[in-house]
1. If you scan segment A:34-57, which residues turn out to be part of a helix (DSSP H, G or I) and either more than 18 Å from A:Phe77 (Cα to Cα) or aromatic (Phe, Trp, Tyr) (or both)?
2. Select, from A:Thr354, A:Thr390, the only residue that is free of Cβ contacts under 8 Å to residues at least 24 places away in the same chain and either out of contact with any Leu (no Cβ under 9 Å at 6 or more places or on another chain) or more than 10 Å from every other protein chain (Cβ to nearest Cβ) (or both).
3. Of the residues A:Gly323, A:Gly305, which single one is buried (at least 16 other Cβ atoms within 10 Å of the Cβ), within 14 Å of chain B (Cβ to nearest Cβ), within 18 Å of B:Ile249 (Cβ to Cβ) and at pLDDT below 95?
4. Does A:Val251 fit the bill of being under 27 Å from A:Ile388 (Cβ atoms), within 12 Å of chain B (Cβ to nearest Cβ) and touching an Asp or Glu at 6+ places or on another chain (Cβ under 6 Å)?
5. Criterion first (modelled with pLDDT of 95 or more, surrounded by 20 or more Cβ atoms within 10 Å (Cβ to Cβ), more than 12 Å from every other protein chain (Cβ to nearest Cβ) and more than 30 Å from A:Leu226 (Cα to Cα)) does A:Ile290 satisfy it?
6. How many residues, within segment B:261-274, are at the interface with chain A (Cβ under 7 Å from one of its Cβ atoms) and closer than 16 Å to B:Ala49 by Cβ?
7. Among all residue pairs at least 6 apart or on different chains, which show Cβ distances below 8 Å where the first residue, located in segment A:262-283, is farther than 15 Å from B:Asp323 by Cα and the second is aromatic (Phe, Trp, Tyr)?
8. If you go through segment B:321-329 one residue at a time, do you hit one that is surrounded by 19 or more Cβ atoms within 10 Å (Cβ to Cβ), out of contact with any Phe, Trp or Tyr (no Cβ under 6 Å at 6 or more places or on another chain) and within 8 Å of chain A (Cβ to nearest Cβ)?
Amino acid sequence: MDLSYSAEDIAFRDEVRSFIAANLPKDIAQRNTAGQPLTKADFDFWHAKLNEKGWLAATWPKKFGGQEWTAVQRHIFDEECAFAHAPRIVPFGVNMLAPVLQAFGSKEQQDYYLPRILSGEDWWCQGYSEPGAGSDLASLKTRAVREGDHYIVNGQKTWTTLGQFANKIFCLVRTDPKAKQQEGISFLLIDMDTPGIEVRPIILIDGVHEVNEVWFTDVKVPVENLVGQENKGWTYAKYLLTHERTGIAGVGYATEGLAALKRIARAELHHGRPLIEDPLFAARLARIEIDLMAMSTTNMRVVAGADGGQAPGAESSMLKVKGSIIRQQINDLARRAVGPWAVPFVSEDLAGNTYHPGPDYSNRVANTYLNNRKISIYGGSNEVQRSIITKAILGL
Amino acid sequence: MDFNHTEERRMLADSLRRTLERGADWDALAELGVLGALFTEDEGGFGGAGFDIAVVFEELGRAGCTLPVLEVGLGAGLLADCGQDIEAVIAGASKPVLAHGEPGLRYDLGPITTRFENSAITGRKSVVAAADEADLMIVSAMADGAMRLFSVDPKGPGVSLHGTPALNGGTVAEVTLDAAPATLLGGDMAALETRLAAATLAVCADALGVMETVKAMTLDYLRTRTQFGVPIGKFQALQHRMADVAIEIEQARSAVINLAGNLHGPDRDRHVAACKALVSRVAHLVAEEAIQMHGGIAMTEEYALAPLSRRLIAAGHRFGDEDWHLQRFIRLSA
């Protein structure tokens, strides 16, 4: 047992920390701290900076230009980025599609798409969820019918995160409606400029345009845009889902969120004293902090296990459930902490309002609380995760 | 960063588990080195680190062992602090226990009212664990305005014990001292707090072991008990409760790891508070959920869950409960 980082890990952490300090523009960090939506230019800038350093795709295999970071290194990087309020790496191209192409794509697809992901030339979005297929993803209905050298795609995708910035979408489509649910699905790469595609914004409960509906009407997709084999898409989809696991607990975000919450609670007054001194509030805060201290170690146990060759399987479902609950509790307590300042609603994409009369720290606390209700829903709801735990870990 | 126990600790845990499965007595545990593992080489043992304590007590809890290893370990640690030789304790030949708590103190360590005057102690000590087995009682008392530890013969004059069974197994006693002859050992509050930190880790690790057994029993029951024609483990309402139990037990394990790794560090007390608050909460959850998921059978003394449920609930009442440690955590975090 050794709870501390190795000397190499600490040197790595220091390198990450100084790189971020030297390269992350203050205004991006400030807007991110305030919970303001970042622009495409913000993400593009940060991706380019990371790519120069070789850190955009650091988890990729070396033969594709990656660094083959260990799970511990990746954890350190994610945590430092969260602490510094750096933009997250938009995962769709780098961390979701790329591993699928590297494992199942053709040489031509790898040679064409992977460099464009790194350069930022392509912004990918994810065409998985449908109005009738949420946690039960395999029930998706978007159809692709082969006609000569093309597939003709008809249907609707939804919850397409940052699809408004994307020029490409990877899609799960049904190519064999007669086969068993999981067996008739294929994995298609589609150009967003193709005629017949329409992107409609979905304004979320926090008043922000973050996700979209993507409609497909007789969209012609060249057959060479099929990844792997027809009707094997479910295998690739599952592979993709297991690839986004190490950061699933969100410990970095939670740690930073807790620090921000404490800043609020020191600034807000309750009966003339700092709110953080109120016994009831302090008890709520302490419970969360104690849970997070344990969660951080639970997360590192899984991360260290991954580097020891134990693939994080169903354990990541545990991380997701508890990690999402802790983050939501932090957001909830922050909303309570700002008191009446939670009521003025900054909602530029909904009512066009960007004005908030309260202290800066209170501007988007309610929005963040509302927005993060999503984290116990997306990526397989917490109820789906509990069912995975039940079967895979508990054997019921 | 490494979350694996050393080879030595794994071997100790394995042999302790096998010995306990055979039904070990005090001599068998001493022979195995269970007491030695709790102390450093300077103190006459071969361990003494947080993870040594965690490994030993997790196994004792897993087996539901009610022998007073914790109480004697705590007593011997205090003796060692006062420069006493504890070889006889490690060999299993002596059982010293601490008598510190007093009526009305609840979980606070002071102020105590028991006093030392004219080479004798007068006062009352409350909920003293394993007192009826002890051959030496370490009694805290005020002497010249400071708390000091004294050795008292529990069978000697002026000492009366009123014993009762304890919720966690074993016994506790109300101890009345009426001018009981006592010898100064030394010690102070800081040294007592250090040993109580280790004892709190022991209670938490013990509870973790109990929780693992309770989890296994409950899973077994969910697989075999049928209602409405199916094993009850097929009902999603129970599956999801069990998933939450499993998640929280992992959190308890992490809290124990955090405390074990920080037991001799500068942030010790904050980790003691965090660990005990969390483990108390989770132990309570696991006990209640196990009882509920078992149904009526869990209410019976005949079924093996009963003593384990009691032990988990009792864990929350030893060395500070969840709220007491939560408040301490808040003070230490300010």
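The values are calculated or read from the model by the stated rules, or taken from the named source; none is laboratory data. Keep in mind that this is a model prediction, so the values were computed, not measured. Cβ atoms come from the backbone with ideal geometry, glycine included; neighbour counts cover every protein chain shown.
1. Kept after step one, since they are part of a helix (DSSP H, G or I), are these residues of segment A:34-57: A:40-53.
The answer is A:Lys40, A:Ala41, A:Asp42, A:Phe43, A:Asp44, A:Phe45, A:Trp46.
2. Within the list A:Thr354, A:Thr390, the selection yields A:Thr354.
3. On the way: A:Gly323 fails: at pLDDT below 95.
Only one candidate passes the filter, namely A:Gly305.
4. Details: under 27 Å from A:Ile388 (Cβ atoms): yes; within 12 Å of chain B (Cβ to nearest Cβ): yes; touching an Asp or Glu at 6+ places or on another chain (Cβ under 6 Å): no.
No, not satisfied.
5. Details: modelled with pLDDT of 95 or more: yes; surrounded by 20 or more Cβ atoms within 10 Å (Cβ to Cβ): yes; more than 12 Å from every other protein chain (Cβ to nearest Cβ): no; more than 30 Å from A:Leu226 (Cα to Cα): yes.
In short, no.
6. Step one: of segment B:261-274, the residues at the interface with chain A (Cβ under 7 Å from one of its Cβ atoms) are B:261, B:274.
In the following step, the residues that additionally are closer than 16 Å to B:Ala49 by Cβ were identified as B:261.
Summing the residues that are at the interface with chain A (Cβ under 7 Å from one of its Cβ atoms) and closer than 16 Å to B:Ala49 by Cβ in segment B:261-274 gives 1.
7. Between residues of segment A:262-283 that are farther than 15 Å from B:Asp323 by Cα and residues that are aromatic (Phe, Trp, Tyr), the close pairs are A:Arg263/A:Tyr361; A:Ile264/A:Tyr361; A:Ala265/A:Phe281; A:Ala267/A:Tyr361; A:His270/A:Phe281; A:Leu275/A:Phe281.
8. yes
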